[in-house]
Amino acid sequence: MENLIGLLVLVPLLGAGVLLCGGRRLDSSAPWIGTLLAALSFVIGAVLFAGMLGRDGEDRELGTTVFSWVPVGDFRADVGFQLDQLSMTFVLLITGVGSLIHLYSIGYMAHDERRRRFFGYLNLFLAAMLLLVVADNYLLLYVGWEGVGLASYLLIGFWQHKPSAATAAKKAFLVNRVGDVGLSIAIMLMFTTFGTFAFGPVLEGADRAGEGKLTAIGLVLLLAACGKSAQVPLQSWLGDAMEGPTPVSALIHAATMVTAGVYLITRSGAIFDGAPDAQTAVVTVGAVTLLFGAIVGCAKDDIKKALAGSTMSQIGYMILAAGLGPIGYAFAIMHLVTHGFFKAGLFLGAGSVMHGMNDEVDMRRYGGLRSYMPVTFVTFGLGYLAIIGFPGLSGFFSKDKIIEAAFAKGGTEGWILGGTALLGAAITAYYMTRVMILTFFGEKRWQPDAAGEPPHPHESPRTMTVPMIVLAFGSVFAGGLFSLNDAFLNWLEPVTGHAEGHSPVTAVQVTAATMVVLFVGVALAWAQYGRAPVPVTAPRGNVLVRAARRDLLQDDVNHIVLVRGGEHLTRSLVYLDHTVVDGVVNGTAASVGGLSGRMRRLQNGFARSYAVSMFGGAAVLVAATLLMRAV
Amino acid sequence: MSLAAAASTTSTGEAVQFWILAVVAVAGALGAVLMKKAVHSALSLAGTMIVLAVFYLANGAYFLGIVQIVVYTGAIMMLFLFVVMLVGVTAADSLKETIRGQRWLAGLCALGFGVLLMAGIANASLRDFNGLGQANSGGNVQGLAALIFTKYVFAFEITGALLITAAVGAMVLTHRERTERAATQRERSTARVRGAHLPPLPAPGVYARHNAVDVPGLLPDGTTSELSVNATLRARGQVRDVSGDALADLAALEQRSEKWLERREDRSHSQGGAQ
Amino acid sequence: MNPVNYLYLAALLFTIGAAGVLIRRNAIVIFMCIELMLNACNLAFVTFSRMHGNLDGQIIAFFTMVVAAAEVVIGLAIIVTIFRSRHSASVDDAGLLKL
């Protein structure tokens, strides 16, 4: 059983190796090879899952050490795998959604000449992401962490002939790097604190370490999570990452990779439980990002960027839940899984729409597509209902629990967090309704593309619609299934633990409030876009709208604070270097040179000058002798 | 004159001698330093050394006094003069200083040193002079010889070695390796007979007012003969041509007398005009 | 007169000789000044001999003369050699410390 875990990672890695090194003769078969291997790893995951279900709650964890990686003296870094309920959840999500998106990509990338490479990258991503979640220590997790970063970089910049894509890839890589530095510092701190970085010893020893150290580790872990999960302040890369092919956006930048931060925080729960300050930072980041992403999502006309804002916002919910501690971990993961379903489905739907509309991304040029793409419309619609939290669908269960848990935090903090989450739910309803109406309802605002070709919307091929249908099923039923008898909660409890908070409001009250804000959001959107005609070119809008279109000025802030600041720092350092450092060096050289120049005069080669100094010395000697005698 | 007084003072005769000769010695020393020509310096120094020889004698160092005259004044100073002649007796040094500050520094150092030295002497308790009466009782030369060949015999031997080394060194330094083969007697006679000048070279000129080796003789056509002057002088450019002097003098005389005659004529003319 | 005046005279002559070494450029004159200094020393030695009433001072003066003779021989040889190659006896011309 344990060996299967290694195989889980190896299979897609093998696929990546074969596809990337295989040469052109694999060009035609590459999509199928990649998809097959992804499916195979899903099957392995399913077998492991079945095996896990066959055991009791406490015995479900599997662990194996494959080989000793870096044995130096007392220092040991092993390549070891650990598969517990939390990892299992991720494995199934990654391989399941991953396989579906591979399948979808067969149709979506059918006409791309470099699809062999594309599927190789996708397999590489799967391998890295699986490594990330099944690693049994932080160092190996870091390898997977960097691996997904690399795959993300390669896939965002897949259409590298577009300068915007190349720039976006670079931006994502650089911003992620800031977070990665956080993770590497966290690993170093763990090593100095605990002497190891295996999950077991670190998490068990967490309550013995001082709170200061735990807070420090927690904060750098949060930095890492912010980088990978596009949370404020490292959120700026996610919107640009939409330059990548849509399946990539669905898989990596919606369903799986961006949730790695949530995994990291949940996995390191013991550390955060011991560091309340770090937890406060986590919930603050989550709450801020929740609103930030939602507001950005409201203003974007690009369908993918609107969804990207939504992703940011939803991950904000998860981070918020994870920051709440044991009351929230399970709900964070639950929302993560349901979000994986409906957000992947929404992205695939968006991809399908773009596929039918000559790769047009501006929602203002869609409209009335529901009758042309029925399957897309239905699946997208189900995903839409799920994300806004329509009763009975996945999002309803998971998001509701998070809002409840936020209130359960207690005190003023609980009220603020709960209120923020509720407000976020309202904005979510608003912007998703906006997307829905602009795309599928209203009149046709189609525009001819750059070549003058008017779009001929049509339903996508079977390879694309099947994954969308499967994901739609997940969007509809996953939440209910998980909540049945608290199944998900009990499943994860051995890993994350669970605690019931003392909520000042009852669950029914929260649900009612959610319904109210949901209705308000939908009604507002309908009033604005459903009743009134939608202009093809966006109106200028007020200051807030314009700021939101510019991603709430995040790039400008980065530019002013980091780029300008860096430039000023560099300039002052250069100035310092030129004046002080060079001054000291040159001054030393100049004074030595000047002194030498003067000393050189003494060595003029004239024997008589030497004689004078000798004679002077003799006179001094006589004087000294006389003085000594006199004393 | 008591014994103690004899130890600390000298006879009046010696005092007079000292005060006179000391002035001479210092003047000679200053002359050696300040004279422009090396020859004059050497002669001044010789004078100082003779005075010093007298002082040695006065101090009871009879042997040294004689040696000073014979060796120093007679041999070493003559060696100096010899080298001065070799280098060029006419060359006068410019006393203008070329190294900046050298003279000031030298003066300062010398002044300081001299003052300190004299202060040291004055400061030391040098009141008691034992005199050499007892030491010289067996004769000064005998006394020195006894010391040299007993107490200082090793120093004496080493000094001998030093002198031999110095002699060899001087020979090595001044010796010049012959770079070409020496001419044989046959070659020299061939060159003499077959060469440009079979008869002896012309003698330097003998004139009414000049008769020296640096004055070239006159050829029958009235021009000077370079050959008549020593090759060394020619190389140094020290050939003095006096052949035109007499004619130039005559021309000047004629010009002066002409002027004198003109003036006389003018005077008589003006006297005649007045009449 | 106190015989210590001989010592003052010796000091004066020595100082004059030293100054001469420093201010003259002609190697021969410098050499003569050195001889002057040596002679001044000799005078002091002879005077010391008289002061102490033994002949050791005179012996030292004697050795000084011998060594001075050897030194003069070598020194003049060097001067002659330099003069041959440089046609000058100025010590400043030999400032490069090579022929």
Study note, to complete from the structure: How many residues of the range A:224-245 are of a type in the set (A, V, I, L, M, F, W, C), farther than 22 Å from A:K304 by Cβ and open to solvent by 10 Å² or more (accessible area, probe 1.4 Å)? The answer is 0
Point to revise | Number of the exception - A:L26 against (1) closer than 23 Å to A:T465 by Cβ; (2) surrounded by fewer than 24 Cβ atoms within 10 Å (Cβ to Cβ) | key: (1)
Revision key, fill the gap. Selection over the range A:42-92 where residues are polar (S, T, N, Q) and under 23 Å from the mean Cα position of the chain (by Cα) yields a count of 4
Check your understanding: Does A:I101 satisfy being crowded, with 24+ Cβ neighbours inside 10 Å and not aromatic (F, W, Y)?
Key -> yes
Study note, to complete from the structure: Screening B:L57, B:L30 for residues that are within 8 Å of chain C (Cβ to nearest Cβ) and more than 11 Å from the chain's Cα centre (by Cα) leaves only B:L30
**Study point:** Failed condition for C:L9, given (1) open to solvent by less than 20 Å² (accessible area, probe 1.4 Å); (2) more than 7 Å from every other protein chain (Cβ to nearest Cβ)
**Key:** (2)
Point to revise | Of all residues in the range A:201-223 being within 16 Å of A:Q279 (Cβ to Cβ) and open to solvent by less than 10 Å² (accessible area, probe 1.4 Å), the one that is modelled with the lowest pLDDT | key: A:A206
**Study point:** Conditions (1) more than 9 Å from chain C (Cβ to nearest Cβ); (2) part of a helix (DSSP H, G or I); (3) closer than 21 Å to C:I59 by Cα; number of the one not met by B:G112
**Key:** (3)
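With respect to B:T159, determine if the residue is modelled with pLDDT of 85 or more, surrounded by 10 or more Cβ atoms within 10 Å (Cβ to Cβ), more than 20 Å from C:F48 (Cα to Cα) and within 7 Å of another protein chain (Cβ to nearest Cβ).
For B:T159, the condition - modelled with pLDDT of 85 or more, surrounded by 10 or more Cβ atoms within 10 Å (Cβ to Cβ), more than 20 Å from C:F48 (Cα to Cα) and within 7 Å of another protein chain (Cβ to nearest Cβ) - is met.
Looking at C:M1, C:M51, C:M32, which one is part of a loop (DSSP other than H, G, I, E, B) and either of a type in the set (K, R) or closer than 30 Å to B:V16 by Cα (or both)?
C:M1
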Review point. Considering only the range C:43-55, how many residues are open to solvent by less than 40 Å² (accessible area, probe 1.4 Å) and facing another protein chain (nearest Cβ under 7 Å)?
Key: 8
Practice item. Kindly indicate whether any position in the range C:34-45 is out of contact with any Gly (no Cβ under 6 Å at 6 or more places or on another chain), closer than 17 Å to B:V84 by Cα and modelled with pLDDT of 85 or more. Key: yes
Check your understanding: Which residue out of A:V561, A:V510, A:V520 is free of Cβ contacts under 8 Å to residues at least 40 places away in the same chain, farther than 29 Å from A:I101 by Cα and aliphatic (A, V, I, L, M)?
Key -> A:V561
Exercise for review: Report yes if some residue within the range B:110-133 is free of Cβ contacts under 8 Å to residues at least 40 places away in the same chain and β-branched (V, I, T); otherwise report no.
Suggested key: yes
Practice item. Examine the range A:34-48 for a residue that is crowded, with 18+ Cβ neighbours inside 10 Å and aromatic (F, W, Y), and state whether such a residue exists. Key: yes
Revision key, fill the gap. Taking the range B:19-68 and keeping only residues that are under 27 Å from B:Q134 (Cα atoms) and open to solvent by 70 Å² or more (accessible area, probe 1.4 Å), one is left with B:W19, B:I50, B:Y62, B:I66
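Of A:F118, A:F81, A:F42, A:F67, which residue is in contact with a Ser or Thr (Cβ under 8 Å, 6 or more places away or on another chain), of a type outside the set (D, E, K, R) and not in a helix (DSSP H, G or I)? Spell out the reasoning first.
Values: A:F118 fails: not in a helix (DSSP H, G or I); A:F42 fails: not in a helix (DSSP H, G or I); A:F67 fails: in contact with a Ser or Thr (Cβ under 8 Å, 6 or more places away or on another chain).
Exactly one residue qualifies, and that residue is A:F81.
Conditions tested, residue by residue: (1) in a loop (DSSP other than H, G, I, E, B); (2) within 14 Å of chain C (Cβ to nearest Cβ); (3) without any contact (Cβ under 8 Å) to a residue 24 or more places away in the chain; (4) over 30 Å from C:A68 (Cα atoms).
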| position | (1), (2), (3), (4) |
| --- | --- |
| B:I164 | no, yes, yes, no |
| B:A167 | no, yes, yes, no |
| B:L173 | no, yes, yes, no |
| B:A183 | yes, no, yes, yes |
| B:L198 | yes, no, yes, yes |
| B:V213 | yes, no, yes, yes |
| B:R234 | no, no, yes, yes |
| B:R240 | yes, no, no, yes |
Check your understanding: Taking the stated definitions as given, is A:G587 more than 60 Å from the chain's Cα centre (by Cα), at negative phi and either in a helix (DSSP H, G or I) or more than 14 Å from chain C (Cβ to nearest Cβ) (or both)?
Key -> no
Point to revise | All positions within the range C:61-75 that are within 7 Å of chain B (Cβ to nearest Cβ) and open to solvent by 40 Å² or more (accessible area, probe 1.4 Å) | key: C:V67, C:V73, C:I74
Review point. Given (1) exposed (fewer than 14 other Cβ atoms within 10 Å of the Cβ); (2) in a loop (DSSP other than H, G, I, E, B); (3) at pLDDT 80 or above, where does B:G222 come up short, assuming only one miss?
Key: (3)
Exercise for review: Please list, ordered by first then second residue, the pairs with beta carbon atoms under 7 Å, 6 or more apart or interchain, first in the range B:67-89 and more than 7 Å from chain C (Cβ to nearest Cβ), second assigned to a helix (DSSP H, G or I) and open to solvent by 50 Å² or more (accessible area, probe 1.4 Å).
Suggested key: B:I69/B:I50; B:T73/B:I50
Practice item. Could you please give the count of residues in the range A:401-427 that are open to solvent by 10 Å² or more (accessible area, probe 1.4 Å), closer than 16 Å to A:T506 by Cβ and assigned to a helix (DSSP H, G or I)? Key: 6
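Yes/no matrix, rows are residues, columns are (1) more than 7 Å from chain B (Cβ to nearest Cβ); (2) acidic (D, E); (3) more than 13 Å from the chain's Cα centre (by Cα):
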position	(1), (2), (3)
C:G20	no, no, no
C:C41	yes, no, no
C:I59	no, no, yes
C:A77	no, no, yes
C:T81	no, no, yes
C:H87	yes, no, yes
Study note, to complete from the structure: Residue hits (the range B:115-135; modelled with pLDDT of 85 or more and at the interface with chain C (Cβ under 7 Å from one of its Cβ atoms)) are B:L117, B:M118, B:I121
Check your understanding: Given the conditions (1) more than 14 Å from chain C (Cβ to nearest Cβ); (2) surrounded by 12 or more Cβ atoms within 10 Å (Cβ to Cβ); (3) at negative phi, and given that A:L569 satisfies all but one, which numbered condition is not satisfied?
Key -> (2)
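Residues that are closer than 20 Å to C:V29 by Cβ and not hydrophobic (A, V, I, L, M, F, W, C): list the helices (runs of 4 or more DSSP H) wholly contained in the range B:1-80 that include at least 3 such residues.
Qualifying helices (runs of 4 or more DSSP H): B:38-58.
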Check your understanding: Among the residues of the range B:17-27, how many are more than 9 Å from chain C (Cβ to nearest Cβ), without any contact (Cβ under 8 Å) to a residue 12 or more places away in the chain and over 26 Å from the mean Cα position of the chain (by Cα)?
Key -> 0
Check your understanding: Within the range A:299-321, can one find any residue that is more than 11 Å from the chain's Cα centre (by Cα), more than 18 Å from A:K343 (Cα to Cα) and either surrounded by 24 or more Cβ atoms within 10 Å (Cβ to Cβ) or modelled with pLDDT of 95 or more (or both)?
Key -> yes
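The values are calculated or read from the model by the stated rules, or taken from the named source; none is laboratory data. What you see is a predicted model; the values in this text were computed from it and never measured. Glycine also receives a Cβ, built like all others from the backbone with ideal geometry; neighbour counts cover every protein chain displayed. Only protein heavy atoms, including side chains, enter the accessible area calculation; ligands, DNA and RNA are left aside. Shrake-Rupley method; radii C 1.70, N 1.55, O 1.52, S 1.80 Å.
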